[in-house]
Amino acid sequence: MPRYRAVVAYDGSDFLGFQVQSKNGVERHRTVQGELIKAVNQMGKNPAERIKVVGASRTDTGVHANGQVIHFDLPFDIPGEGVRKGLNTILPRDILIKEVRQVQDDFHARFSSHNKRYYYRVSTQDYVDPFKRRYTGHFHWKLDSKRIEKALPDLIGEQDFATFAASGNQTATTIRTITRAEVQVKEDEQELVFTFEGNAFLYNQIRIMVGVLLEIGTGRRPVDAIPKLIAAKDREQARYTAPAAGLYLDHIDYDGQLDK
């Protein structure tokens, strides 16, 4: 059966994360993966075996995506554009298939991934904007973006980010490599936008890093706080976790297998 790779965008507001959560084969909550499985199997026209949908990243409840990547095998061979159009007629309006193409049989959305890019939007308005509340984290305290910019380089490189892993983290190692950490000030929108790239991220790592950076921006933490936090390897030292609503999985690179 031919394998297809799809790039997926979704509004995570009304999903309990990406990954299916089922009991006795019955999905207990609405998830992105669950909706994709239903759509792919409807398109597959009841093959002998249920078609699996594998995602690159298990985004959490309320987290959004512009560039989530999935793979699945179909019992027929049709062009990727036909698959894209077909799935988009089936899926709910808070999920969009942006691109579909056939790939080699050994392509794996999760284990073939090389680099991921996320961004995090922070609203700095003095009130919660009803039109942003699902799509930004809100932080109304006065921020000095220059302090944040000075602190960001301390996140770059291969380091043990145990301090920045939430208690639900189940990975074998907390060592990760971050290759990009930046912040953009959007004064007209009253937002800060953080961008992070790396080979992988721990459970809630980006939201915890953003929380620390915001505290640095207020002066509650010193500019050089991050190296000390990394050395501590103690989650209790990083108190604030930014809300899920501001986080977006933006792009996943597969060593040239994905165009951008």
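The values are calculated or read from the model by the stated rules, or taken from the named source; none is laboratory data. Computed from a predicted structure; not experimentally measured. When we count neighbours, we look across all protein chains shown, and the Cβ atoms used for this are built from the backbone with ideal geometry, even at glycine. Side chains are part of the model used for accessible areas, which takes the heavy atoms of the whole protein and leaves out ligands, DNA and RNA. Shrake-Rupley method; radii C 1.70, N 1.55, O 1.52, S 1.80 Å.
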* **Rounded percent of accessible protein surface that carbon and sulfur make up, the chain, 1.4 Å probe** => 46
* **Listed residue pairs exceeding 21 Å between alpha carbons, taken from Lys52/Lys116; Lys38/Lys85; Lys52/Lys98** => Lys52/Lys116
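If Lys and Arg each add +1 and Asp and Glu each add -1, what is the summed charge of the other residues whose beta carbon sits under 14 Å from the beta carbon of Ile206? Could the numbers behind the result be given before it?
Details: positive: Arg58, Lys116, Arg117, Arg121, Arg176, Arg180, Arg207; negative: Asp60, Glu182, Glu197, Asp250.
Spelling it out: positives minus negatives among the neighbours equals +3.
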* Asked: Most mobile of Ala181, Ala231, Ala65 per a Gaussian network model of the chain (Cα springs, under 10 Å)?
  -> Ala231
* With every protein chain present, what is the per residue accessible area of segment 108-260 (1.4 Å probe, Å²)? -> 50
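With contacts defined as alpha carbon pairs under 8 Å and 6 or more residues apart, what's the relative contact order of the chain in percent? Could you put the intermediate results ahead of the total?
Values: 562 pairs, mean separation 59.9, N = 260.
Relative contact order for the chain comes out at 23 percent.
Which of the trypsin sites (Lys or Arg not before Pro) found in segment 208-244 are loop residues per DSSP with 12 or fewer other Cβ atoms within 10 Å of their Cβ?
Numbers: sites: Arg220, Lys228, Lys233, Arg235, Arg239; in loops: Arg220, Lys233, Arg239.
Qualifying residues, ordered by number: Arg239.
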* To do: Could you tell me the distance between the Cα centroids of segment 180-256 and segment 38-67, to the nearest Å?
  => 28
* Asked: If you build a Gaussian network model of the chain, linking Cα atoms that sit under 10 Å apart, which residue out of Tyr135, Tyr248, Tyr127 swings the most?
  -> Tyr127
* Asked: Counting only Cα, what are the radius of gyration and maximum Cα-Cα distance Dmax of segment 63-137, in Å?
  -> 17.0, 54
* Across the Cα atoms of segment 15-89, what radius of gyration and what greatest pairwise Cα-Cα distance (Dmax) are found, in Å? -> 12.8, 35
* To do: Return the FRET efficiency for the residue pair Ala232, Glu149: r is the Cβ-Cβ distance, R0 is 25 Å, and the value is rounded to the nearest 0.05.
  => 0.60
* Asked: Where Lys and Arg each count +1 and Asp and Glu each count -1, what net charge lies around Val83 among other residues with Cβ under 14 Å from its Cβ?
  -> +3
* Note the listed values [x] 35, 19, 17; [y] 26, 21, 19; [z] 43, 20, 16, then indicate which one is semi-axes √(5λ) of the Cα gyration tensor in Å calculated from this particular structure. => [x]
* Asked: Using +1 on the beta carbon of Lys and Arg, -1 on that of Asp and Glu, and nothing else charged, what's the dipole of segment 80-223 about the Cα centre, debye to 20?
  -> 260
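Counting only GluC sites (Glu not before Pro) that sit in a DSSP loop (anything but H, G, I, E, B) with at most 13 other Cβ atoms within 10 Å, what is the longest stretch of the chain containing none of them?
On the way: sites that count: Glu49, Glu187.
Value returned for the longest uninterrupted segment is 50-186.
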